[in-house]
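The values are calculated or read from the model by the stated rules, or taken from the named source; none is laboratory data. Every value quoted in this text rests on a predicted model; they were computed, and no experiment measured them. Here Cβ is always computed from backbone atoms with ideal geometry, including for glycine, and neighbour counts include all displayed protein chains. For accessibility, only protein heavy atoms count, side chains too; no ligands or nucleic acids. Shrake-Rupley method; radii C 1.70, N 1.55, O 1.52, S 1.80 Å.
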Amino acid sequence: MAYTSIPELHERLKNRTLTAKNLLDIHFSEVDQWEPKLHASLEILKTQAYEKADLVDAEFDKGAPMPLLAGIPIAIKDNICMSGIKTTCASKILENFISPYNATVIEKLNAQHMIPMLKTNMDEFAMGSSTENSAFGATRNPWDLSRAPGGSSGGSAAVVAAGEVPLSLGSDTGGSIRQPASFCGVVGIKPTYGRVSRYGLVAFASSLDQIGPFSRSVEDGAHLLQALCGHDVHDATSSQNPVPDFSKSLTPDVKGLKIGVPKELFGSAIADDVKQALVKALDLLTAQGARWEEVSMGSFEAGLSTYYILAPAEASANLSRFDGVRYGHRNTSATSLKEMFKKSRGEGFGPEVIRRIILGTFVLSSGYYDAYYLKAQKARTLIQEDFKKAFSHYDLLLTPTAPTTAFKLGENADNPLAMYLADIATIPVNLAGLPAMSIPCGFSNGLPIGLQLIGKAFDEATMLRAGYTYQTLTDHHLKRPLL
Ligand code: GLN
């Protein structure tokens, strides 16, 4: 099916030229064709999806008023809990774990009568930038099957790019929504920290994690974001800030908008084709009345090293709950409790997760705590101040989402440092807790390029408006990979 926006789908569901069941048929046929090539999904929720579609169709048949997202299929990253369904985090340690409850975001999708179709592949426990760290095999990029879809939400990005679903959910701790969105040529939004409840999201680094949407267009992404946001008593870090009506941002207007462009992200670390695409995007926005200026921000130099102390530190604490007693895989040959812990964790976790746990335990250990963890916390404060200062001059920041287009599978597999560099533009945003999104802004050798817009805290609205304006002037987001 050619790209059809969510409001158009809703209109057709309402006037019954389309049923929720038709919509599932169309998307499951894409799943059948793409999945053998992509391996973007870990579980296909066919029975549940059709049951739900029947209920939704009955309501539409009655002419009952239904929300905009009713009957729209969606894919869910496999670190988000759905009651009665496996939540594996693409890890052997949770291979057979069935969640006893729904994440708050799933409750919110249910309230909209959305239809979850797939649980998507990811880097194990969301640690990675290529989806190659999945214990169940890598996902491939639909634009070039020899390349990575990005990560850690590579599955959620690939299924939207391929047209298996119109929308999906991912999680972003250091770039895991935006970087795969960039590699796969779709829109990926990381909300302000606290906007979307983390209840039921398996924690990686709790002070950085946020759930957010993938979509083909900014318009569709804004509608899904609307459904996800809001205060939740189950998440102590969830914000009480009122949630604006994001549909008001869907007007093409960037007149007078002041954009800062961090010069640290226009150096030699960024590929020329990416820089060229960004310059074109800036020209387009300028022609519409926006103004831009170069700004210097040390955050983009200090971010990576700060993150790779803080995120593993939090991960080492969060992942201590996987001990073979309460959750998931347990070794049965051990003869003592300590041996059981050791063997269960050793067998259950993959190499990247083990690397992070060791790193995190080290930086938190007495004797090293002050030198690493405490110092990194201070650096985080400086990064937050750096952004605050920039936002006293600008409404938005614009950067590349990733330094390159999608790299080859295996290219960075043995070089964690090279892999970590893929997130140089996205990570500081999580450390500062700000909203950001990636939008397709061109192609190079058939591979999508993404630009990142970063907004002020709780000002998703301005970011969405600029992104929407850009998409009224371009058609990159309408292109689709061929099977
Ligand atoms: N790629 C980064 C990491 O490996 C970010 C991951 C994420 O955002 N979940 O930690």
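Just give me the residues in segment 309-337 being more than 22 Å from MET127 (Cα to Cα) and of a type in the set (Ser, Thr, Tyr), in sequence order.
Scanning segment 309-337 gives THR332, SER333, THR335, SER336.
Test each condition in (1) closer than 30 Å to LEU431 by Cα; (2) open to solvent by 80 Å² or more (accessible area, probe 1.4 Å) for ILE309 and report the one that comes out false.
Of the numbered conditions (1) closer than 30 Å to LEU431 by Cα; (2) open to solvent by 80 Å² or more (accessible area, probe 1.4 Å), the odd one out for ILE309 is (2).
Under the condition of being closer than 16 Å to ALA432 by Cβ and within 13 Å of the ligand (Cβ to nearest atom), which residue from segment 188-198 is least open to solvent (accessible area, probe 1.4 Å)?
LYS190
Give the residue that is nearest to the ligand (Cβ to nearest atom), with candidates limited to residues of segment 115-137 that are under 26 Å from THR47 (Cα atoms) and surrounded by 24 or more Cβ atoms within 10 Å (Cβ to Cβ). Give the derivation first.
Taking segment 115-137 and keeping what is under 26 Å from THR47 (Cα atoms), we get 115-122, 134-137.
In the following step, the residues that additionally are surrounded by 24 or more Cβ atoms within 10 Å (Cβ to Cβ) were identified as 115, 117-122, 134.
Details: ILE115: 26, MET117: 23, LEU118: 19, LYS119: 17, THR120: 14, ASN121: 14, MET122: 8, SER134: 13 Å.
Filtering segment 115-137 for residues that are under 26 Å from THR47 (Cα atoms) and surrounded by 24 or more Cβ atoms within 10 Å (Cβ to Cβ), the one nearest to the ligand (Cβ to nearest atom) comes out as MET122.
Which number in (1) crowded, with 20+ Cβ neighbours inside 10 Å; (2) within 16 Å of the ligand (Cβ to nearest atom) marks the one condition that LEU417 misses?
If we test LEU417 against (1) crowded, with 20+ Cβ neighbours inside 10 Å; (2) within 16 Å of the ligand (Cβ to nearest atom), just (1) comes out false.
Being closer than 19 Å to THR88 by Cα and not small (Gly, Ala, Ser) is the filter; apply it to segment 327-340 and report the residue that is most open to solvent (accessible area, probe 1.4 Å).
We begin by selecting, within segment 327-340, every residue closer than 19 Å to THR88 by Cα; these are 327-331.
With not small (Gly, Ala, Ser) added as a condition, the list becomes 327, 329-331.
On the way: TYR327: 75, HIS329: 64, ARG330: 125, ASN331: 17 Å².
The qualifying residue most open to solvent (accessible area, probe 1.4 Å) is ARG330.
Here's the yes/no breakdown for (1) of a type outside the set (Gly, Ala, Ser); (2) away from the ligand (no atom under 13 Å from the Cβ):
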{"position": "VAL159", "(1), (2)": "yes, yes"}
{"position": "PRO166", "(1), (2)": "yes, yes"}
{"position": "VAL186", "(1), (2)": "yes, yes"}
{"position": "GLY200", "(1), (2)": "no, yes"}
{"position": "SER206", "(1), (2)": "no, no"}
{"position": "GLN210", "(1), (2)": "yes, no"}
{"position": "SER217", "(1), (2)": "no, yes"}
{"position": "ASP220", "(1), (2)": "yes, yes"}
{"position": "CYS229", "(1), (2)": "yes, yes"}
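Looking at segment 89-110, which of the residues that are free of Cβ contacts under 8 Å to residues at least 60 places away in the same chain and within 21 Å of GLN210 (Cβ to Cβ) is farthest from the ligand (Cβ to nearest atom)?
Of segment 89-110, the ones free of Cβ contacts under 8 Å to residues at least 60 places away in the same chain are 90, 98, 100, 107, 110.
With within 21 Å of GLN210 (Cβ to Cβ) added as a condition, the list becomes 90, 107, 110.
On the way: ALA90: 12, GLU107: 23, ASN110: 25 Å.
Selected residue: ASN110.
Using the structure shown, decide if PHE443 is of a type outside the set (D, E, K, R), modelled with pLDDT of 95 or more and part of a helix (DSSP H, G or I).
no
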